[in-house]
Amino acid sequence: MNPPNAQSNILVVDDDNDLRTLITDFLRQNGLSVESAEDAVAMDAAIAAKRPDLIVLDLMMPGEDGLSVLRRIRKPGGPAIIMLSAMGEDTDRIIGLEVGADDYLPKPCNPRELLARIRAVLRRKAEEAGAANGSGQQRRFGAWALDVVQREVRRAGTAPAPLTDAEFRVLVAFLDRPQRVLTRDQIIEAGKGLDSDVYDRAIDVTISRLRKKLGPDDPIRTVRNEGYMFTLKVEGE
């Protein structure tokens, strides 16, 4: 990931030629290096030619759709992803965020807002990378270890489980505040950059999926009418 003061590489993937051209030209005018692709096949070729720092990805495309693409390319150390969709329903946004998108905007979107979102996501990614480099690669709690670079959690004697962006940020929020009750609002605030209006309705689902990845006797406890508590002490803070 390029630092915020370096020119970042952006890939715009959208089958709407007029919108794709508008976004591409606007981002270039504002100092970003931008490539574009009309579908998943062209996207794969563009990624092979020049690895992007961030992909602006349309949800509804002919052939392989955006969610399928997101599931396929989302991996630790991969590019950040902002989803665009003419389908502005909350469920679509929740699914996109749960699958691993870093942000989500309905279409048509204001190019200035998209630029601001791109800069915010890139800045957050650079900050997270810097924090990981400064604090070591692993944070340990009980029988588990979180690899903050690869974004994988492992229980002793088991294979590592990759985390989505939302799961990773929720787990880090718990690790930063162990052994105390956190409300949903506090967890959302700790997950900097999340769309709070949507994420509030997805937080329980994210925590449920995170607990499954942690496995038996996970250290996250539900505190009725209050929120959640992470019960273990944390090493590598």
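Values computed for the structure shown
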item	result
Residues located in the range 47-67, provided they are buried (at least 18 other Cβ atoms within 10 Å of the Cβ) and of a type in the set (A, V, I, L, M)	Ile47, Leu54, Ile55, Val56, Leu57, Leu59, Met61, Leu67
Pair list, Cβ < 7 Å and 6+ apart or interchain, from the range 147-163 residues that are among the polar types (S, T, N, Q) to residues that are assigned to a loop (DSSP other than H, G, I, E, B)	Gln150/Pro76; Gln150/Gly77; Thr158/Gly215
Single residue of Ile207, Ile187 found to be touching a Gly at 6+ places or on another chain (Cβ under 8 Å), under 14 Å from Phe168 (Cβ atoms) and modelled with pLDDT of 80 or more	Ile187
Some residue of the range 172-182 being more than 18 Å from Thr231 (Cα to Cα) and outside any strand (DSSP E or B)	no
Residue check for Glu89: under 17 Å from the mean Cα position of the chain (by Cα), open to solvent by 50 Å² or more (accessible area, probe 1.4 Å), at pLDDT below 85 and acidic (Asp, Glu)	no
All positions within the range 152-167 that are modelled with pLDDT of 85 or more and over 15 Å from Asp218 (Cβ atoms)	Glu152, Ala159, Pro160, Pro162
Filter pass, Asp218 being of a type outside the set (Lys, Arg) and modelled with pLDDT under 90	no
Positions within the range 208-224 being open to solvent by 50 Å² or more (accessible area, probe 1.4 Å) and touching a helix residue (DSSP H, G or I) at 6+ places or on another chain (Cβ under 9 Å), in sequence order	Arg209, Lys213, Thr222
Scan of the range 21-34 for residues that are surrounded by 19 or more Cβ atoms within 10 Å (Cβ to Cβ) and closer than 23 Å to Pro62 by Cα, ordered by number	Ile23, Thr24, Val34
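The values are calculated or read from the model by the stated rules, or taken from the named source; none is laboratory data. Note that the structure is a prediction, hence the values are computed from the model and not measured. Using ideal geometry, Cβ is built from the backbone for each residue, glycine included, and neighbour counts are taken over all protein chains shown. Areas reflect the complete protein model, heavy atoms only, side chains present, ligands, DNA and RNA absent. Shrake-Rupley method; radii C 1.70, N 1.55, O 1.52, S 1.80 Å.
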